[in-house]
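Structure record follows, encoded as structure tokens.
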Amino acid sequence: MTDAQPTGEVLSAPPRRSAKPPGPCAMVIFGAGGDLTKRLLVPALYNLANTGLLPQAFALIGVDIADLDADRWRDSLHEMLESFVGRTSSESRIDHVDEDTWRRLTGQIAYIKGDFEDKATFQTIKSQIEQAHGTGGNCLFYLAVADRFFGPIATALGEAGLMEENWDPDGTRPEHWRRIVIEKPFGHDQASARTLNATILRAAEEHQIYRIDHFLGKETVQNIMALRFANGMFEPIWNRDRIDHVQITVAETVGVETRGRFYEKTGALRDMVPNHVFQLLAMVAMEPPGGFDAKAVRTRKSDVFAALRTVSPKDAVRGQYDSYRQEKDVAPDSNVETYVAMRLSIDNWRWAGVPFYLRTGKHMSRRITEIAIRFKPAPYAPFEDTNVAALPPNWLLLQIQPDEGIALQFEVKRPGPVVDLAAVQMAFKYADWFPKEPNIGYETLIYDVMIGDQTLFNRADMVEETWRAVAEVLDDWSKTKPASFPNYASGSDGPTDADELLARDGRSWRPIKG
């Protein structure tokens, strides 16, 4: 047997398992002329086509009130796609536009000018699906529209018979399938989420409904499950005996920009917490699933949301950056929050007594999405001559964006004759191991809808439980004005009240600036 390779050997990444193209289908996009379609959906479809993961028989059907036809819609999409070439932002990684790929994507393209609440529009859609060559009647409906249209569109699809599936004689699989994709916000509180769920479930079955959260399309978010459940070293320490607390940070350097009207109705809590941030929390806190099928994973995540203690207003902090009231479409005396911090508790065996702190905000010092897991200190009896109180704690850092990776901070002996401890860090960077691929963040999610995999999508009960967890805070904030808004400077780490939230427990936030 040969000796082990010396430390420092550079390993190569294992070969990638290739995915197969989905079966034939049509995709109907409501809101075909909107930003979501142009900036995210169509570039993601292009990337799927460019990697061979678009159905060989595919039809793209746009529906909008805008006065367009198929050719002008295609041209507007192509123009937007070309504008992404050479950009480096995470939303627009397109190296170049390959015209053969573009022709495959738009070979069967149609545009329907129609009102979303006009029954005649849905009869035209039905006819267009029937004309889609080679798709076999399979169709996904993507609601890239304002949330006020979610219920009416779903109802109209049901009334027009567009959600009906023909099943094979033994009833095990549909001869053709129909699926509906619904963007956020899925409701504005628990009551509205329940109402929307009831409306959609009158038109479709739960297995046909895909409540999308684009955070779950990020590779690094999906990798949290791989890190936890594919590595035996972590499970024994992933609990209240070894973990002191968890911090989840989703910070942005941009303000509300052109979304002032939307933000005035929504605020940071509704925009980010029950969906994006809670999804990260569930990935960290869930129990190991019996398998990686949709039912097993979603049930484990649902268990986390059900065990979340309803957040008390005293455990929540809101903030507003100093120039928010000068933004376009924002009221000069607005009390809408652009920052939220919370202390959460999960009432189950694994996490009893372990606080989860989350924060999210705009106009902050650095753009970062990170999960920081702090471990309890070791007994330092052997190091009597070391100032152990000054030693940094052990952290496991899951860096979601922009510098995707995983880092572990721990103590080592500093070189020299004296036993002196120092904190060091081991870091894994995705960019060091895997080639960067054009990715919008929607590719995986759209692909999963096409193959019928609901693992990364929310179930009705999950949505309602997340709104339940923040219900008391929403109610309190709707009735009380903040003491002083704005209360944090642009480019800072947020309001001082958020620091005090952790200081009450004898803890502090990790600096965002790094």
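The values are calculated or read from the model by the stated rules, or taken from the named source; none is laboratory data. Bear in mind the structure is a predicted one, so any value in this text is a computation, not a measurement. A quick note on method: Cβ atoms are made from the backbone with ideal geometry, for glycine too, and the neighbour counts reach across all protein chains shown. All accessible areas refer to the heavy atoms of the entire protein, side chains included, with ligands and DNA or RNA removed. Shrake-Rupley method; radii C 1.70, N 1.55, O 1.52, S 1.80 Å.
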Item to complete: Go through the stretch 392-408 residue by residue and tally those that are open to solvent by 30 Å² or more (accessible area, probe 1.4 Å) and under 17 Å from Lys376 (Cα atoms).
Response: 4
Discussion item. Looking for something among the small types (Gly, Ala, Ser), in contact (Cβ under 8 Å) with a residue 60 or more places away in the chain, assigned to a loop (DSSP other than H, G, I, E, B) and more than 30 Å from Glu252 (Cβ to Cβ) - is there at least one such residue anywhere in the stretch 38-57?
Written reply: yes
Worksheet item: So how many residues does the stretch 39-48 have that are open to solvent by 10 Å² or more (accessible area, probe 1.4 Å) and under 15 Å from Gly107 (Cβ atoms)?
Response: 0
Worksheet item: Which condition breaks for Thr444 when tested against (1) free of Cβ contacts under 8 Å to residues at least 60 places away in the same chain; (2) polar (S, T, N, Q); (3) surrounded by 19 or more Cβ atoms within 10 Å (Cβ to Cβ)?
Response: (1)
Worksheet item: Which condition does Val63 not pass, out of (1) of a type in the set (Val, Ile, Thr); (2) open to solvent by less than 50 Å² (accessible area, probe 1.4 Å); (3) closer than 29 Å to Gln208 by Cβ; (4) in a helix (DSSP H, G or I), if it passes all the others?
Response: (4)
Practice prompt. Write out, first by first residue and then by second, each pair whose Cβ atoms fall under 9 Å of each other, whose residues are 6+ apart or on separate chains, and whose first residue, in the stretch 220-235, is closer than 15 Å to Ile400 by Cα while the second is open to solvent by less than 50 Å² (accessible area, probe 1.4 Å) and among the hydroxyl-bearing types (Ser, Thr, Tyr).
Written response: Thr220/Thr369; Thr220/Tyr430; Val221/Thr369; Gln222/Thr444; Asn223/Tyr430
Discussion item. Six or more apart or on different chains, Cβ atoms under 7 Å: show the pairs whose first residue is in the stretch 258-269 and touching a residue at least 24 places away in the same chain (Cβ under 8 Å) and whose second is β-branched (Val, Ile, Thr) and part of a loop (DSSP other than H, G, I, E, B).
Written reply: Gly260/Val330; Tyr263/Val256; Tyr263/Val336; Glu264/Val330; Glu264/Val336; Gly267/Val336; Ala268/Thr338; Leu269/Val470
Practice prompt. Just name the residue that is nearest to Ala407 (Cα to Cα) out of those in the stretch 420-455 that are assigned to a helix (DSSP H, G or I) and among the charged types (D, E, K, R).
Written response: Asp432
Practice prompt. Tell me which residues, restricted to the stretch 238-282, are touching a strand residue (DSSP E or B) at 6+ places or on another chain (Cβ under 7 Å), open to solvent by 10 Å² or more (accessible area, probe 1.4 Å) and in a helix (DSSP H, G or I).
Written response: Met272
Item to complete: Scan the stretch 288-311 for residues that are loosely packed, with under 15 Cβ neighbours inside 10 Å and not in a helix (DSSP H, G or I) and jot them down.
Response: Pro288, Gly290, Gly291, Phe292, Asp293, Arg309, Thr310
Practice prompt. Might you check whether a residue that is open to solvent by less than 20 Å² (accessible area, probe 1.4 Å), aliphatic (A, V, I, L, M) and on the phi < 0 side of the Ramachandran plot occurs anywhere in the stretch 424-431?
Written response: no
Worksheet item: Exactly one of (1) within 22 Å of Glu183 (Cα to Cα); (2) out of contact with any Gly (no Cβ under 6 Å at 6 or more places or on another chain) is unmet by Trp349. Its number?
Response: (1)
Worksheet, complete the sentence: Only unsatisfied item for Leu60, checking (1) closer than 23 Å to Leu143 by Cβ; (2) modelled with pLDDT under 90, is (2)
Response to the item:
Counting only residues that are in contact with a strand residue (DSSP E or B) (Cβ under 8 Å, 6 or more places away or on another chain), more than 19 Å from Glu443 (Cβ to Cβ) and in contact (Cβ under 8 Å) with a residue 40 or more places away in the chain, the stretch 60-81 contains a total of 11
Practice prompt. For residues that are among the small types (Gly, Ala, Ser) and part of a loop (DSSP other than H, G, I, E, B), scanning just the stretch 493-514, find the one that is most open to solvent (accessible area, probe 1.4 Å).
Written response: Gly514
